[in-house]
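Take a look at the structure below.
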Amino acid sequence: MAGKEATVFILDLGETMGEIRYGRKQSDLDWAMEYVWDKITTTVSTERKTALMSVIGVRTDRTDLQGVIKDDEGYENITVFSELKAYLLPDIRKLQGNLKPSSTSSGDLLSAVAVAIMQIDKATSGKNGNPLKYDRRIIIVTDGRGQMDTSDLSGFTSKIRGDDNPDAKIELVLLGVDFDDAENGYKEEDKDDSKEQNEATLREFVEDCGGSFGTLAEAVEQLQIPRIKETRPTPSYRGTLTLGDAVNYQSTLTIDVERYPCTMVAKPPSASSFAARSDLAGSGTQSTGTVMGDEYPMDGQLSAVRNQRVHQVDNPDDPGQKMNVESDELERGFEYGRTAVHISESDANVVNIETTPGLELVGFIYADQFDRYLAMSRSNHIVPQRSNPQAKLALSSFIMALYEAEYYAVARLVTKENKPPLIVLLVPRIELDTEALIEVELPFEEDMRRYKFPPLDKKLTVSGKAITEHKDLPNDELIQSMSDYVDAMDLSTFGRDDEGEPTEYAKPEDTYSPLLHRVSQIIRWRATHSDPTLPLPGPPQILTKYSHPPAELLQNAEDQLAALATAADVKKVPPKTKGRGKRSRADAEKPLSGLDVDALLGNPKRVKIDATNLIPSFKRAINATDDLDAIQEAADAMAAAIRKLVKNSVGDSAYGRALEAMRVMRDEMTEMEEPEMWNSFVRVLKKELLGGELGGDRREMWWKVRGSRYGLVDRKKCFASGVTEDEAREFYKG
């Protein structure tokens, strides 16, 4: 649940954190920062202004407490890098330059804890000094090799536990670099006495505070597991559940209820538009939309863009020009075919249904008569009104009655005034600690789509006779082979639990959306790695684990798959030729029979282009031959036909036919990897259209060519083209 929180990171930046140990490829500090950056960037990505963070460095080369404590004595080599605030991307980039291993081992870790406590108290207390409602947290990352003053350890413990004021309690988390881990069986060899003593002291301190003590290795390993976002439940309906006419009769059942969503769809973060600043003042450039200046600065180089919508109509006083109209001058219209039908506000009010909020029971159905595919929406919880014992008792009785009778209820739902009513299904749900109604939307008659398909197990003749044996119908052997293969690929017992017993493989709670979490992972990674030349990290193994069947399962099902292929008479099909260009024509697949079917049927190698049947004859001409000269001849004939259409066109009557012919010619030449045949033609055509060489002023045809983007084929469209993307864009100018 999203609430206010204040988190302080205490990072050990001593010189020992810069060393590389135990075969790792990165220093202890870089390894620790994988966890810290993930926590910081995840918090920033939530865009919550109430999620405050601060970073304190201990064993640093300098001392800077930023006014948290006025007297520096006893707090040497401690640096407060920022106040408790909501972090943004510039704060992360600034912090990156400061978090470096120092050249000293001086500095007291517990003194840094005192600074963090004071910083949290200052930021989360009200004007009267009482603590505000915050989730307070201190996260410590250290290798345990520094000096510690434990003289006031009991005072820190009392303050963190909130002995004097439970509302000011602080959660303490400590992650140790190469600390001993009995659960995972790790123990550091040749550990020096000071670190061993510090590790024992810190473990006892954290346990006394009721905090969490763990190792950095375990924390970094768990970063691969995506975190599920929990949202604050917001009611979409607060009202009554009624049985009967509560307006005209008193003998009605009325229960005060609330409606909450069961689950919410999580979507990947969407991209935002920004404009590059053109000056150092940060005013921005107005290329698209309106630049919002420094409201959302991005690393000092980008400014956010606010889009503006302008409505224009033809100006009756100035033909050929447009005029702006305000939004309140617009009227609503509906498409009827290609025509916009105007409906006035008064006419629209006649068909609107005046409704009042309510959840009214209209009937009951047997539970076994409901088809699951009828549910149209995500599910919601119907629960009794909070702090209303009468509503809890009444709704509990209603839920128990539905459950014991094996009935579902059908109700009419209106969530807000004048909203269209919905017909919903109410399903009882009883668990150990909760009772609720699960609500889903049901379809109206207009929502039903009834399609008829032929049966899969028989064929019907014209006379109505049923045929059960046919080449298009599966026989008993094929059905049995498919059944065996499906059983062999069963995942319901393929997994293993902690005790080694068979269990379900790929449980829903163990699978995550690759799109959602991969996009979020890359955004967080790019926030701390601004160099565009760095390659992106690979996806976590947990996101790709269930993207393909287990290798062991496939190996176990090989026999059933072979039997299925035999029963289905599966044969390998020659690969389809994707292109008919210079390279593909030489490597064209020969018929399996070895016969030249075109020669046997007497089909000509060259087909004339028929102006009355232009496009089909052009396709036949290029499909009938692999000879480059014949293809060039067909392209020239097609080009001549297009010019003739434009030249003989009365006004723009034939422009549509010419554009369609150009589209086909462009696509076919691109597919055959002969883009130069098209490019040569369209270059000449542009010159003729703008020069008036095709029967007069044909500039309107050129505008249509530009609008359809039937210009040059560049290298991006076809690798065989010699035209660059810039040349293709320049071609449309003029």
Original post:
In the stretch 100-115, which residue that is surrounded by fewer than 21 Cβ atoms within 10 Å (Cβ to Cβ) and under 40 Å from the mean Cα position of the chain (by Cα) is nearest to Met148 (Cα to Cα)?
Top reply: Pro101
Original post:
Across the stretch 213-247, what is the number of residues that are surrounded by 14 or more Cβ atoms within 10 Å (Cβ to Cβ) and either among the small types (Gly, Ala, Ser) or outside any loop (DSSP other than H, G, I, E, B) (or both)?
Top reply: 16
Original post:
Any idea which residue in the stretch 521-565 is nearest to Ser45 (Cα to Cα), counting only those that are among the small types (Gly, Ala, Ser) and not in a loop (DSSP other than H, G, I, E, B)?
Top reply: Ala527
Subject >> Count - residues of the stretch 8-34 that are of a type in the set (D, E, K, R), in contact (Cβ under 8 Å) with a residue 60 or more places away in the chain and part of a loop (DSSP other than H, G, I, E, B) >> reply: 1
Original post:
Is it the case that some residue within the stretch 124-131 is touching a Leu at 6+ places or on another chain (Cβ under 7 Å) and assigned to a loop (DSSP other than H, G, I, E, B)?
Top reply: yes
Original post:
What tally of residues in the stretch 627-645 results from selecting those that are buried (at least 16 other Cβ atoms within 10 Å of the Cβ) and under 48 Å from the mean Cα position of the chain (by Cα)?
Top reply: 6
**OP:** Could you check Arg137 against (1) of a type outside the set (Ser, Thr, Tyr); (2) in contact (Cβ under 8 Å) with a residue 40 or more places away in the chain; (3) in a helix (DSSP H, G or I); (4) within 28 Å of Lys49 (Cβ to Cβ) and say which number it fails?
**Re:** (3)
Subject >> Tally, over the stretch 691-705, of residues that are surrounded by fewer than 15 Cβ atoms within 10 Å (Cβ to Cβ) and either among the basic types (Lys, Arg) or assigned to a helix (DSSP H, G or I) (or both) >> reply: 3
**OP:** Quick one: which residue in Glu183, Glu207, Glu196, Glu188 is in the same structural domain as Ile120 (by TED's automatic domain parsing), within 42 Å of the chain's Cα centre (by Cα), without any contact (Cβ under 8 Å) to a residue 12 or more places away in the chain and part of a helix (DSSP H, G or I)?
**Re:** Glu207
**OP:** Take the residues in the stretch 450-497 that are β-branched (Val, Ile, Thr) and part of a loop (DSSP other than H, G, I, E, B), then tell me which one is surrounded by the most Cβ atoms within 10 Å (Cβ to Cβ).
**Re:** Thr493
Original post:
Can you name the residue in the stretch 684-717 that is over 15 Å from Arg663 (Cβ atoms) and of a type in the set (A, V, I, L, M, F, W, C) and is also farthest from the chain's Cα centre (by Cα) among such residues?
Top reply: Leu694
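Mind checking which residues of the stretch 648-676 are in a loop (DSSP other than H, G, I, E, B) and either within 37 Å of the chain's Cα centre (by Cα) or over 12 Å from Met701 (Cβ atoms) (or both)?
Within the stretch 648-676, Asn648, Val650, Met672, Glu673, Glu674 meet the criteria.
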Subject >> The listed residue being modelled with pLDDT of 90 or more and within 23 Å of Gln147 (Cβ to Cβ), out of Thr43, Thr16 >> reply: Thr16
**OP:** Return yes when Pro443 is under 30 Å from Leu402 (Cβ atoms), assigned to a loop (DSSP other than H, G, I, E, B) and in contact with a Ser or Thr (Cβ under 8 Å, 6 or more places away or on another chain) and no when it is not.
**Re:** no
**OP:** Return yes when Asn380 is more than 30 Å from Arg309 (Cβ to Cβ), under 35 Å from the mean Cα position of the chain (by Cα) and surrounded by 13 or more Cβ atoms within 10 Å (Cβ to Cβ) and no when it is not.
**Re:** yes
Subject >> Positions within the stretch 686-715 being in contact (Cβ under 8 Å) with a residue 40 or more places away in the chain and either out of contact with any helix residue (DSSP H, G or I) (no Cβ under 9 Å at 6 or more places or on another chain) or under 19 Å from Gly651 (Cβ atoms) (or both), in sequence order >> reply: Glu688, Leu689, Leu690, Leu694, Gly695, Arg698, Glu700, Met701, Lys704, Val705, Ser708
**OP:** Kindly provide the set of residues from the stretch 122-154 that are within 43 Å of the chain's Cα centre (by Cα) and within 16 Å of Cys209 (Cβ to Cβ), ordered by number.
**Re:** Asp135, Arg136, Arg137, Ile138, Ile139, Ile140, Thr142
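The values are calculated or read from the model by the stated rules, or taken from the named source; none is laboratory data. Quick caveat, the model's predicted, so the values are computed rather than measured. When we count neighbours, we look across all protein chains shown, and the Cβ atoms used for this are built from the backbone with ideal geometry, even at glycine.
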